[in-house]
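The values are calculated or read from the model by the stated rules, or taken from the named source; none is laboratory data. Bear in mind that the values here come from a model prediction, so they are computed numbers and not experimental data. Quick reminder, even Gly has a Cβ in these numbers, built from the backbone with ideal geometry, and neighbours come from all protein chains shown.
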Amino acid sequence: MTDPASPARPVAAAIRYLSIIVGCACLLLAAVCFAIACQVFIQTGVFAQSYVMVGLISAALGLLALTLSRVWK
């Protein structure tokens, strides 16, 4: 059993909150990239593959960070 006053508790809480912040930032970046890709496609008819790829990678990393924050104890 771990002691509640042990120094590992604040570190675990800091990692959890940091992963929440990083996850939300990555999902926000993904939303911006998808919005730019849609706008480029609507205006020019050209598929902006680079923005979509950055959006997909950012969304995957954001979901991974939010999953980490949920399971981190």
If you go through the range 23-73 one residue at a time, how many are under 30 Å from residue 13 (Cα atoms) and of a type in the set (Gly, Ala, Ser)? 11
Taking the range 60-73 and keeping residues assigned to a helix (DSSP H, G or I) and not hydroxyl-bearing (Ser, Thr, Tyr) leaves 60, 61, 62, 63, 64, 65, 66, 68, 70, 71
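Listed here are the residues, each with its yes/no results for (1) part of a loop (DSSP other than H, G, I, E, B); (2) surrounded by 12 or more Cβ atoms within 10 Å (Cβ to Cβ); (3) modelled with pLDDT of 90 or more.
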position: 6; (1), (2), (3): yes, no, no
position: 10; (1), (2), (3): no, no, no
position: 25; (1), (2), (3): no, yes, yes
position: 32; (1), (2), (3): no, yes, yes
position: 39; (1), (2), (3): no, yes, yes
position: 42; (1), (2), (3): no, no, yes
position: 58; (1), (2), (3): no, yes, yes
